[in-house]
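The values are calculated or read from the model by the stated rules, or taken from the named source; none is laboratory data. Since the structure is predicted, the reported quantities are computational estimates derived from the model, not experimental observations. For neighbour counting, all protein chains shown are included, and Cβ atoms are generated from backbone atoms with ideal geometry for every residue, glycine included.
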Amino acid sequence: MRVAFLAAFLCIAVPASVHGQASAGMADDQLPASYTLTTNPHTAHASSAAGGGVLGRHSNASLLGVDSVVNWSSYFYLPGFDSFGGTQFTWDYTMVGQAPFGQGQDNDGNGGTTWIGAPIVPVSLDLRNADGSPRFVGGQRLYSDATQFVAPVLSSPVFSNTSYSSSEIPTQFTDAVARAEFFHQADDDWHTLLRPRVATPRTMVLIKGTYRFALNADGSCCAFVLIDDQVFGAELFPPTATDTTTVMGAAENAGDIHTRDISTFLFPNAYLYTNQNPNDCCILGYHTYDVEPGTPANGFREKRYVMAYASWISPGLFGPSFVDITALSHEMSETFNDPFVNNATPWWLAPNGNCQNNLETGDVIEGLPNATFPIVLHGATWNPQNEALLQWFASVSPSSAIHHSYSYPDPTVLPVANVSQNPGCTPPLP
């Protein structure tokens, strides 16, 4: 079953001004196509330059006793507060791949390159009536097909190579960000690359009352679908190791995904709302892992299936800062930096107003006017998100990343490092 409290989300708020009732002739749970339009999230500015953080210079090896994606661990030093308000100086972290400090071969014996299986599971949505029967609106079946977005995703910078300043050879987006973080520690041939494959398509069946929808201009399904987050989780993650009724359970038991993989569950313009309230919207993606008990075949080690839920984002739904692969690039980069969603950091207050204490590289930048970094590849323009680098969280000044940067690919998004905050980013006591 999923470790539910460890999920890390990519969210965007929808202002009350766009929340309207269904128009005449629309179903009671149908929404106008303009429902998701929004302004940019709130932004703020760091008050001063930070400093004092020091990165560790060696790896503590991989996480022991766990059967999961290849990983390595290290640490940084910085005075700060933990989640309980206690003082902490050393912050451990675990990342995907092999250590960048020149400590050995990769998992395939190819010098400095680590290859990671990256199955893409397209998940279509079958929207049903309250009695479970197939639903039609205006004569059109309410079925949203995810398979149409597989080819674009494979052609995108997440899985296809292009040029970056952090690599001597064309590479993938997540590898380029990782290389930027450890540019001065890693060898030129140190890479962590995804090996994508298309897994068996799956379908998530949703009952009326657990979703809202908007139709395309031609009346077909769907411009987007909003889903209750609790229902979504229950339909995605298996309650037991042998379950095949849920999307992820079926994929695990069919052998479509493995513990050594980073799996992507790709949805078609499918976003989540919380508190059973469609106005509390929208979650565009998250990363976490499904944990299952070990077996004799793996030495009884705990199984962790690292995964990302990410929605394809069609143009016009959320403005220029969220489109096509923005959510997928955000979640994949965060997975590389925090695969088990437990890398704690000192409290930080980001320019977009987010206050957190974890190594979530996309959350620092999401929603800013310059949040995305357009890349032209295969005749299309893609919009992966800029990412905060480890040096920003660790308050390393000057930054030890490429070009003394705190963000990448665009180093100008975060001109200075995090200033360590009080718990909850509350003002200091007088």
Discussion item. With in contact with a helix residue (DSSP H, G or I) (Cβ under 6 Å, 6 or more places away or on another chain) and charged (D, E, K, R) as the only criterion, which of Arg260, Arg202, Arg195, Arg212 stands out?
Written reply: Arg202
Item to complete: Inspect the stretch 116-131 for any residue being closer than 30 Å to Leu215 by Cβ, in contact with a Cys (Cβ under 7 Å, 6 or more places away or on another chain), of a type in the set (S, T, N, Q) and outside any loop (DSSP other than H, G, I, E, B) and give the result as yes or no.
Response: no
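Yes or no, residue by residue, for (1) among the hydroxyl-bearing types (Ser, Thr, Tyr); (2) not in a loop (DSSP other than H, G, I, E, B):
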position: Pro157; (1), (2): no, no
position: His184; (1), (2): no, no
position: Arg195; (1), (2): no, yes
position: Thr200; (1), (2): yes, no
position: Leu206; (1), (2): no, yes
position: Gly209; (1), (2): no, no
position: Asp218; (1), (2): no, no
position: Val225; (1), (2): no, yes
Practice prompt. Give just the number: which of (1) under 18 Å from the mean Cα position of the chain (by Cα); (2) in contact (Cβ under 8 Å) with a residue 60 or more places away in the chain; (3) under 26 Å from Arg141 (Cα atoms) does Asp229 not satisfy?
Written response: (2)
Worksheet item: In this structure, is Asp131 surrounded by fewer than 18 Cβ atoms within 10 Å (Cβ to Cβ), of a type in the set (D, E, K, R) and within 18 Å of Leu389 (Cβ to Cβ)?
Response: no
Discussion item. Could you check the stretch 359-417 and list, in sequence order, the residues that are of a type in the set (Gly, Ala, Ser), within 19 Å of Ser321 (Cβ to Cβ) and out of contact with any strand residue (DSSP E or B) (no Cβ under 7 Å at 6 or more places or on another chain)?
Written reply: Gly367, Ala380
Fill in: Filtered residues of the stretch 186-215 (kept if buried (at least 16 other Cβ atoms within 10 Å of the Cβ) and either closer than 30 Å to Pro398 by Cα or aromatic (Phe, Trp, Tyr) (or both))
Ala186, Trp190, His191, Thr192, Leu193, Tyr211, Phe213
Worksheet item: How many of the residues in the stretch 372-396 are surrounded by fewer than 24 Cβ atoms within 10 Å (Cβ to Cβ), in a loop (DSSP other than H, G, I, E, B) and either modelled with pLDDT of 95 or more or β-branched (Val, Ile, Thr) (or both)?
Response: 3
Discussion item. Can you tell me which residue is farthest from Phe81 (Cα to Cα) among those in the stretch 397-411 that are assigned to a loop (DSSP other than H, G, I, E, B) and touching a residue at least 60 places away in the same chain (Cβ under 8 Å)?
Written reply: Pro409
Worksheet item: Looking at Ser321, Ser263, Ser311, which is the one that is crowded, with 20+ Cβ neighbours inside 10 Å, small (Gly, Ala, Ser), over 28 Å from Pro423 (Cβ atoms) and at pLDDT below 95?
Response: Ser321
Discussion item. Based on this model, can you work out whether Thr295 counts as without any contact (Cβ under 8 Å) to a residue 24 or more places away in the chain, within 26 Å of Ile116 (Cβ to Cβ) and surrounded by fewer than 23 Cβ atoms within 10 Å (Cβ to Cβ)?
Written reply: yes
Practice prompt. Determine whether the stretch 417-424 contains at least one residue that is buried (at least 22 other Cβ atoms within 10 Å of the Cβ) and touching a Ser or Thr at 6+ places or on another chain (Cβ under 9 Å).
Written response: yes
Worksheet entry | Residue satisfying condition, being farther than 21 Å from Trp312 by Cβ, at pLDDT below 95, touching a strand residue (DSSP E or B) at 6+ places or on another chain (Cβ under 8 Å) and not β-branched (Val, Ile, Thr), within set Gly132, Gly138 | Gly138
